[in-house]
Each structure stands twice: as C-alpha cells, then as structure tokens.
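In what follows, a single structure is set out as structure tokens and then discussed.
Any read-out appearing in this document is the output of simple, stated calculations on the displayed coordinates, not a laboratory observation. Please read all numbers here as calculations on a predicted model, not as lab measurements. Positions of Cβ are backbone-derived with ideal geometry, glycine not excepted, and every protein chain shown enters the neighbour counts.
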Amino acid sequence: MCYLLLALARGGAPYVLTTFPSPTMSTSTLAGRRTVLFALLSWFVFSSTLHAAKLPRTPASLTEDGVRFERVGEKTFRWMAVIKVYDAALHLAPGESTQRIFADMPTRLQLSYHRGFKATEIIQGGDTLLARNVDAAALEALRPRLQTLNAVYRDVKPGDSYTLTYVPGRGTTLRLNGEPLITIPGHDFAAAYFRIWLGDDPISPSLRDTLLGR
C-alpha cells in the first residue's frame with residue numbers, strides 16, 4: 001500500500017514524495033519516518049510564510065498596448081490550499097463580460113509571484129495544462145508559436161510578475177516586470193493559452209471561478 005506522507009516544492013515545483021513500506025518494516029521505523037517527514041513539511045510551510053513577498057494589489061484600471069483595462073477578478077493561487085504561489089489578476093476592456101472570456105476581445109492576465117521558479121518549470125507546467133485543455137490537433141497547429149513563446153521565458157523570483165496581454169489585431173504580449181519579451185499573433189493562440197488558467201481543466205478551478213466571477 002502506498003502511503004502519501006509529504007508534499008514539497010523542489011526548486012519551486014510541486015512534487016509528491018511517497019513511501020512504500022516493506023512487509024518487514026517495523027511500526028517504529030514507519031512512525032519515525034512519518035515524524036521526520038511531518039517536521040520537514042512543517043518547516044517548509046513556515047519557511048513559505050516567512051519568505052513570501054508582500055505583493056500589492058493590481059490596479060483596478062490601467063492602460064496597456066493602447067487599450068484601457070478594468071480588473072474583473074483577482075485571487076492568490078495556493079498550492080495544496082496552503083503555500084502561496086502567485087497572485088493572479090484578470091483585466092478585460094470596459095464593458096466586456098467574463099462570459100465571453102475566449103471571444104476576440106482585449107484580455108490581460110497578471111501573475112505576481114510569491115515563490116521562485118525556473119523557466120523550465122513554467123514551460124513544463126504550461127505545456128501539461130495546455131494538453132489538458134486543448135485538443136491534440138489544435139495544439140499541434142499552435143506548436144510553432146508555442147515554442148516561440150517558451151523560448152523567451154525567464155526564471156522568476158519572489159516579487160516578479162509575468163503578464164499576458166491579448167489585443168485583437170496585435171496578438172498576445174508576454175511581459176516580465178513590465179518589460180515586453182515577445183508578441184505572439186493570432187486570437188486562436190490567446191484563446192488556447194488562457195485556458196491554462198481559465199479553461200475547463202485549469203491549474204485551479206477555484207482560481208478560475210474567482211477570476212471569472214462565478
């Protein structure tokens with residue numbers, strides 16, 4: 001039987017540590033392992049709280065790429081409902097509805113990080129979530145543009161912010177701390193990529209629902 005004893009974040013990326021006790025493992029040995037792992041988890045949660053950056057709320061309204069945006073939702077994404085990962089904020093053009101979230105309309109998502117992540121971790125996580133939310137044929141058609149976007153991702157540290165801003169006729173611009181890194185053309189790309197957070201099987205249903213005001 002597999003006992004799930006501990007969840008950590010190695011290099012910022014969540015993973016699960018399990019143990020498979022052998023039939024000859026004594027009760028005291030298993031109890032000792034559980035005590036050590038619980039202590040490690042307690043330290044990790046304390047460390048996360050101690051070192052998490054105090055991040056400001058995103059503006060209620062702002063202008064970017066020549067478009068006026070208004071905030072429609074924001075929420076802190078917590079891994080396992082405990083460890084702060086990032087603050088997410090969704091902005092739409094004035095008068096637009098979240099019920100049309102994948103329509104061809106200006107959309108802006110900001111992620112302000114409480115923890116550091118490697119660029120490879122961000123890319124791997126995004127690719128996995130895209131595969132859960134976009135059918136294989138559509139994803140294959142997007143592959144060249146997705147690779148172009150992934151090539152410019154950088155490592156982040158606590159306090160950094162990535163933003164994705166889609167403007168019809170212009171494309172999706174990725175920014176790190178306000179610095180434009182690249183613009184990917186096509187509404188089809190934006191509609192697919194935003195599904196990482198807002199699709200049917202997103203990174204967090206509760207995060208999605210709060211951002212969309214459900």
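As a proxy for reagent exposure, H91, H187 were ordered by neighbouring Cβ count within 10 angstrom, fewest first; the result is H187, H91. Summarising the label geometry, the points placed 7 Å from Cα in the beta-carbon direction at T76 and D209 lie 2.0 nm from one another. For K118, the aspartates and glutamates whose Cα falls under 19 Å of its own Cα, not counting residues fewer than eight places away in the same chain, are D87, D127, D155, D160, E179. Residues whose amide H comes within less than 5 Å of that of I182, counting only those at least five positions distant or on another chain, are L174 (H built at 1.01 Å from N in the peptide plane).
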